[in-house]
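The values are calculated or read from the model by the stated rules, or taken from the named source; none is laboratory data. Worth saying up front: this structure is predicted, and the values here are computed from it rather than measured. Every residue, glycine among them, receives a Cβ derived from its backbone with ideal geometry; neighbour counts consider all protein chains shown.
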Amino acid sequence: MMTCVPELLTPFLLERKRRFSLHIFLLLLLASFIVPATSTASTNQEVAAAIKLIEQKEYTQALELLHELEASIPNPDQMSNLLAFAYLGQGYQLLSSGDFSAARESFADGRRYNEDDVRFWQGEAMTLYRQGHYAGAVSLLDEALGLAPQNADVYHLLGQSYYADGRMAEALDALIKSSELGGGADVVALLDKVRREWQIEQEMGLEVRGHFQLSFVEGGQTAVLATVILATLEDAYTELGSELAYYPDVRVPVLLYSRKDFSAVTSSPDWAGAVYDGKIRLPVGGMHHMTDQLAAMLYHEYMHVVVHYQTNRHVPVWLNEGLAELAGRRLYSLPLEALHRAAEANQLISWDVLSEPFAGLVDDNVRLAYEQSYSLVHFMVDQFGWHKMTELLESLGKRQGWQRAIAEVYHDYGLDWPAIRSQWQASLSR
């Protein structure tokens, strides 16, 4: 039931930003010397204007001006350094905003001006990683290592990509190398996590079908259950994809654990029935056949996968969990007793609180958190349709704040976040 998707790339991106700022200072310092003495005053002014735009992070305008200069000066190669840097800046800017296709194009374009700069390879690999195309990211990072075989950051991202793709032995090797080359605390933390998980997963069998890769402890009825789980997840892929008009082009790792191993790997609260952290993790010890409850859990967790990719990980927890509950409750649903008690007593949980991970809630509020989130999301879909929910998720994927995104998406109905919240709460007393 719980989703917890760590942003593994955050420290990496912050380090890139620090180095990026230093590099642009040096580049701008040198830029005044790249224009030949034979150039006109107008050309020098345009170069200065392009540099100013880069300083202001107006990369698109800078690139337009630099390409005009490239076409007009006698030696266009003199624009290569600035063009490469502008494309690099644009690429990381687009990556931060979640526009992965455009970011990848910027990195590829910039590489034409400086193919030896490993940051272009890293940047494009990051766009593929964020889209769930891990094998493609690995391929680009292998190319990057040909340019920078001692780069700890490249090995770090390579380890993340292998890990996300379920290639644990390769992930371990890459992260060890990153650590040996001076990788920071985030590398050490992920390396420890991979070691713990790999110790358990080495004893697991593997079955792949369609969009899912399932790891499980072999023996008894588990293999039969694994086959049914894969079929149920494929049903969820088709059904939920149809409603949200979104079918992630990824292969999702799914792992079946004993309750003991599940707790050891995830460190999740006792109330967590399952976890999605880039991989679907389920405790199924003692289960031998599919039940309505298990099928509901699978639909719940797969909805987290859809939301993860459709929003580029930018979604309030209440919306994420509300959609997951909406998916699962079509197969197995309990009465909303905690919600009704809280509504009658005017003790609903603040939506600001529900925007953050539920793991921080006291146990007495956990059931209410899920029921309250489900109820609001069900109201929104029932009243305004799945197509509006799809628009909302897409807006969030462009890094828009969730209250503003709701106001823009539901503007046709004359509604914003307070109005929707008010209408939903009024519906509880009917």
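What is the number of the single condition among (1) modelled with pLDDT of 95 or more; (2) of a type outside the set (A, V, I, L, M); (3) over 20 Å from Trp121 (Cβ atoms) that Arg196 does not meet?
(1)
Would a scan of the range 42-50 turn up a residue that is modelled with pLDDT of 55 or more, crowded, with 20+ Cβ neighbours inside 10 Å and outside the structural domain of Glu321 (by TED's automatic domain parsing)?
So far as the range 42-50 goes, yes, one or more of its residues are modelled with pLDDT of 55 or more, crowded, with 20+ Cβ neighbours inside 10 Å and outside the structural domain of Glu321 (by TED's automatic domain parsing).
Which number in (1) modelled with pLDDT of 95 or more; (2) touching a Leu at 6+ places or on another chain (Cβ under 7 Å); (3) exposed (fewer than 15 other Cβ atoms within 10 Å of the Cβ) marks the one condition that His288 misses?
His288 satisfies every listed condition except (1).
Identify the residue in the range 167-182 that is among the small types (Gly, Ala, Ser) and surrounded by fewer than 22 Cβ atoms within 10 Å (Cβ to Cβ) and, among all such residues, is farthest from Asp277 (Cα to Cα).
The residue in question is Gly182.
I'm trying to understand the selection: among the residues of the range 51-63, which are assigned to a helix (DSSP H, G or I) and either touching a Lys or Arg at 6+ places or on another chain (Cβ under 9 Å) or under 15 Å from Tyr113 (Cα atoms) (or both)?
Ala62, Leu63
When residues of the range 190-211 are filtered for being within 22 Å of the chain's Cα centre (by Cα) and surrounded by 13 or more Cβ atoms within 10 Å (Cβ to Cβ), how many remain?
Of the residues in that region, 7 qualify.
Have a look at Glu321, Glu325, Glu356, Glu344 and point out the one that is of a type in the set (Asp, Glu), more than 30 Å from the chain's Cα centre (by Cα) and over 19 Å from Ala226 (Cβ atoms).
Just a single option satisfies the conditions, and that option is Glu344.
Rundown of residues vs (1) of a type in the set (Gly, Ala, Ser); (2) under 30 Å from Ser97 (Cα atoms); (3) within 19 Å of the chain's Cα centre (by Cα); (4) in the same structural domain as Tyr257 (by TED's automatic domain parsing), yes/no style:
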| position | (1), (2), (3), (4) |
| --- | --- |
| Gly273 | yes, no, no, yes |
| His288 | no, no, no, yes |
| Thr291 | no, no, no, yes |
| Ala296 | yes, no, no, yes |
| Thr311 | no, yes, yes, yes |
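With the condition being surrounded by 17 or more Cβ atoms within 10 Å (Cβ to Cβ) and among the polar types (S, T, N, Q), I'd like the helices (runs of 4 or more DSSP H) fully within the range 336-430 carrying at least 2 qualifying residues.
Result: 363-384.
Is it true that Ala86 is of a type in the set (A, V, I, L, M, F, W, C), at pLDDT 90 or above and within 18 Å of the chain's Cα centre (by Cα)?
In short, no.
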